[in-house]
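Below is one structure; the comments refer to it alone.
The values are calculated or read from the model by the stated rules, or taken from the named source; none is laboratory data. Just so it is clear, the structure is predicted and the values come from calculations on it, not from any experiment. Methodologically, a virtual Cβ is constructed for each residue, glycine included, from the backbone with ideal geometry; neighbour enumeration extends over all protein chains shown.
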Amino acid sequence: MVAQVDRRVVATPELMTSRSVRVKSARKLTRRASRTSERRFLAEGPRAVREALATQAPDGGCVVEVFATPDAEARHLELRAAASVAQVPWHLVEPPALAGLADTVNPQGVVAVCHFLDVPLDTLTAQQPRLVAVCVDIRDPGNTGAVIRCADAAGADAVVLAGTSVDPYNGKVVRASAGSLFHLPIVVAPSLEASVAALRAAGMTVLAADADGELSLDEAVEDTSLRKPTAWVFGNEAWGLGAADAALADKVMRVPIYGSAESLNLATAAAVCLYASARAQRGG
C-alpha cells in the first residue's frame, strides 16, 4: 500500500499593518495625553518586555498585549513563551507597523503595551520605607531613568517624582531605567511639600542633596545618621534645588569633590548618596 501524503498547508498568520485597529490604538500611547487618559504606556525592546511580563501592576498583570515582528519573535522565543504563560495576546506585525510604535531609530522588533505602575503616596508610606529617592522638577528623561536605575540598584523602596518632573512613562525614561521601572514603586506627586510631610510623618529623615549643602556626606557617614530611614531629595539637573525646596529638608548635604571637577551630574550624585545610605543601613 502506498502511504498517503498529507498535503494540508499550514496557514501563515496574517501580519498586522500600520492600519490595523490594535496597532493604531497602541500608537496613540506615544503621546503623553493618551498615556495619561488610558493609564497605559509602551515598553520597547526585549529587556523591557521581559521585565514587564514578569511584573504585576497594582490591579493585576502589567502587560496588556505585545507586538513583534516575525524576525524578533524568532530571536526571542522565550518572550513568546512568557506571554503565552501569562495569557497575554501576542501580535505579529509588519516592520513598518512596529516602527510606528517604537521611539528609537533602530527598533528591536518588540513592544509591549503596559498598565501604569505608579502608586499613591499613602500606599508607599504605609509600607514603612527605609530608603526613598525624591526627584524635584527633573526634566530630562535620560536622567530620570538613570536615577530610577540607581535607586533600584541601591535597594531603595521607591522613587517619588515631584513637582513638574518628566512623565515616568516617556519612552526614553523607560529605556534609560534598563528595566528598573518595573522593579520598584513610582510615586507621581505634584507637591514636594506634601511629599516631604508624608515621608517625615512615616518616620523618615529628609536629606536634600545640593552642592552648597552645609554638611558633607562624609560627616553623615561618620556619625552614623544615615542608618535611619532616609528620603533623599534631588533637584533639577540645571539649577539644583531652590532655596524653598531645600528648606523643607531636615539637612542639606553636599557630596565632597576631591578632584578638580566642578560638580557631579544628577544620576551620579544620586548613586553616591543612595549607596551611602544603603551601606549604612546594612551595617557597613
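Pairs, please: C-beta under 6 Å, at least 6 apart or cross-chain, first residue farther than 18 Å from Phe182 by Cα and in region 132-149, second of a type in the set (S, T, N, Q) and part of a helix (DSSP H, G or I)?
Within 6 Å, the pairs are Ile138/Thr144.
Taking the options Gly213, Gly235, Gly240, name whichever one is more than 27 Å from the chain's Cα centre (by Cα) and surrounded by 14 or more Cβ atoms within 10 Å (Cβ to Cβ).
Gly213
Looking at region 273-284, I want the residues that are farther than 11 Å from Val221 by Cβ and have a partner that is modelled with pLDDT of 95 or more and assigned to a helix (DSSP H, G or I) with Cβ atoms under 8 Å, at least 6 apart or on another chain. Which pairs are those?
Short answer, once both residue conditions are applied: Leu274/Cys150; Leu274/Ala151.
Output the residues belonging to region 115-137 that are crowded, with 24+ Cβ neighbours inside 10 Å and out of contact with any Pro (no Cβ under 9 Å at 6 or more places or on another chain).
Listed by number, the residues that qualify are Ala133, Val134, Cys135, Val136.
Just wondering, is there one or more residues in region 123-139 that are in a helix (DSSP H, G or I) and in contact with a Ser or Thr (Cβ under 6 Å, 6 or more places away or on another chain)?
no
Quick check on this structure: which one of Ala278, Ala243 is under 18 Å from Ala153 (Cα atoms) and hydrophobic (A, V, I, L, M, F, W, C)?
Ala278
Could you grab me the full set of residues in region 158-174 that are β-branched (Val, Ile, Thr) and out of contact with any Ser or Thr (no Cβ under 6 Å at 6 or more places or on another chain)?
Hits for region 158-174 are Val159, Thr164, Val174.
Identify the residue in region 39-55 that is in a loop (DSSP other than H, G, I, E, B) and on the phi < 0 side of the Ramachandran plot and, among all such residues, is surrounded by the most Cβ atoms within 10 Å (Cβ to Cβ).
Applying the filter and picking the extreme gives Thr55.
Residues that are within 24 Å of the chain's Cα centre (by Cα) and at pLDDT 95 or above: find the helices (runs of 4 or more DSSP H) completely inside region 56-102 holding 3 or more of those.
Helices (runs of 4 or more DSSP H) meeting the threshold: 77-85, 95-101.
Can you run down the residue pairs with Cβ atoms below 6 Å, 6 or more apart or on separate chains, where the first is in region 151-167 and on the phi < 0 side of the Ramachandran plot and assigned by TED's automatic domain parsing to the domain that holds Val206 and the partner is basic (Lys, Arg) and at pLDDT 95 or above?
Asp167/Arg32
Out of all the residues in region 125-170, which are hydroxyl-bearing (Ser, Thr, Tyr) and over 19 Å from Ala238 (Cα atoms)?
Of everything in region 125-170, those that are hydroxyl-bearing (Ser, Thr, Tyr) and over 19 Å from Ala238 (Cα atoms) turn out to be Thr125, Tyr169.
Report whether or not Thr36 is assigned to a loop (DSSP other than H, G, I, E, B), of a type outside the set (Asp, Glu) and surrounded by fewer than 16 Cβ atoms within 10 Å (Cβ to Cβ).
No, not satisfied.
With the structure loaded, tell me whether Arg175 is crowded, with 18+ Cβ neighbours inside 10 Å, under 23 Å from Leu53 (Cα atoms) and not hydroxyl-bearing (Ser, Thr, Tyr) or whether it fails that test.
yes
Looking at this structure, is Val111 under 14 Å from Phe67 (Cβ atoms), in a strand (DSSP E or B) and not acidic (Asp, Glu)?
Spelling it out, Val111 is indeed under 14 Å from Phe67 (Cβ atoms), in a strand (DSSP E or B) and not acidic (Asp, Glu).
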